[in-house]
Amino acid sequence: MRWRWLSGPDRAGQVVVLFGGWAAGAAPFRHLGDDRDILFVEDWRDLDAELPSLWGYERRSLVAWSFGVAAYAHWQAGRADPFHRRVAICGSPNPVDRRLGIPPAIFTRTRDRLDETTLAAFLDRAGAPPVAAPDTNALRAELDAVAARGPAPVAAWDAALIATNDHVFPAPNLRRAFADVPLREVEAPHAPFRGWTSWDEVLA
């Protein structure tokens, strides 16, 4: 697990902590703009890192996308929760699960066939930009860690978003996973961010 600032830290008054997905990096989000500081977190091979202190911000929001949903819930367990709003996007607390996440057969096929060609095809289907010179060994290890970690503890989600054209996490599975959370659905692929221009839209 590692983090970096995409904008800030300027103590702008508001901060978004973004737990990203697998393989795509920060590229899907870079066009989103406003006056918030943005802290991007990725790489789910381990969840040992601590984040910088956020308590100086007046408003603190958490956005978790794809495998970042389960990663955040695992990471947050046992830690003080600084967030005013928490939104899960196109991911599940049960990342590999026939009814609640990615079906195990599809996950295993993605893992076993992973190379630069299959990764490029995955990102294209997900609606995410291509990645130059990906480290497929590290990405495979990340998949292994996600599967081994298993279902995440319960987290205090304020909203969840489902993309109806998601070919990674099937929409019916996410409806079941977030049956008790306010849901929003958009007609978009797994990376739905192209349809937004600001973090206000993401956090709605």
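The values are calculated or read from the model by the stated rules, or taken from the named source; none is laboratory data. Predicted model only: the values in this text are computed from it and were never measured. Virtual Cβ from ideal backbone geometry, glycine too; neighbours counted across all protein chains shown. For accessibility, only protein heavy atoms count, side chains too; no ligands or nucleic acids. Shrake-Rupley method; radii C 1.70, N 1.55, O 1.52, S 1.80 Å.
Counting just the residues of the stretch 53-72 that are part of a loop (DSSP other than H, G, I, E, B) and among the small types (Gly, Ala, Ser), which one comes out least open to solvent (accessible area, probe 1.4 Å)?
Ser66
Give the residue, chosen from Trp75, Trp44, that is of a type outside the set (Ser, Thr, Tyr) and either assigned to a loop (DSSP other than H, G, I, E, B) or in contact with a Ser or Thr (Cβ under 8 Å, 6 or more places away or on another chain) (or both).
None of the other options fit; the residue is Trp44.
Which one is nearest to the chain's Cα centre (by Cα) among residues in the stretch 182-200 that are open to solvent by 60 Å² or more (accessible area, probe 1.4 Å) and either closer than 12 Å to Trp65 by Cα or touching a residue at least 60 places away in the same chain (Cβ under 8 Å) (or both)?
Arg194
Yes or no: the stretch 172-181 includes at least one residue that is part of a loop (DSSP other than H, G, I, E, B), under 17 Å from the mean Cα position of the chain (by Cα) and not hydrophobic (A, V, I, L, M, F, W, C).
No, there is no match, as no residue in the stretch 172-181 is part of a loop (DSSP other than H, G, I, E, B), under 17 Å from the mean Cα position of the chain (by Cα) and not hydrophobic (A, V, I, L, M, F, W, C).
What pairs can you find where one residue is in the stretch 26-54 and acidic (Asp, Glu), the other is open to solvent by 40 Å² or more (accessible area, probe 1.4 Å) and part of a loop (DSSP other than H, G, I, E, B), and their Cβ atoms are less than 8 Å apart, with a gap of 6+ or different chains?
Pairs that qualify, where the first residue is acidic (Asp, Glu) and the partner is open to solvent by 40 Å² or more (accessible area, probe 1.4 Å) and part of a loop (DSSP other than H, G, I, E, B), are Asp35/Ala12; Asp37/Pro9; Asp37/Asp10; Asp37/Arg11; Asp37/Ala12.
Across the stretch 50-78, what is the number of residues that are on the phi > 0 side of the Ramachandran plot and either within 10 Å of the chain's Cα centre (by Cα) or acidic (Asp, Glu) (or both)?
1
Against the definition (buried (at least 21 other Cβ atoms within 10 Å of the Cβ), of a type outside the set (A, V, I, L, M) and not in a strand (DSSP E or B)), how does Trp22 come out, yes or no?
yes
Go through the stretch 2-19 and give me each residue that's under 30 Å from Asp124 (Cβ atoms) and surrounded by 19 or more Cβ atoms within 10 Å (Cβ to Cβ).
Scanning the stretch 2-19 gives Val16, Val17, Leu18, Phe19.
Given the conditions (1) open to solvent by 70 Å² or more (accessible area, probe 1.4 Å); (2) in contact (Cβ under 8 Å) with a residue 60 or more places away in the chain; (3) more than 17 Å from the chain's Cα centre (by Cα), report the number of the one that Pro151 does not fulfil.
Among (1) open to solvent by 70 Å² or more (accessible area, probe 1.4 Å); (2) in contact (Cβ under 8 Å) with a residue 60 or more places away in the chain; (3) more than 17 Å from the chain's Cα centre (by Cα), the lone unmet condition for Pro151 is (3).
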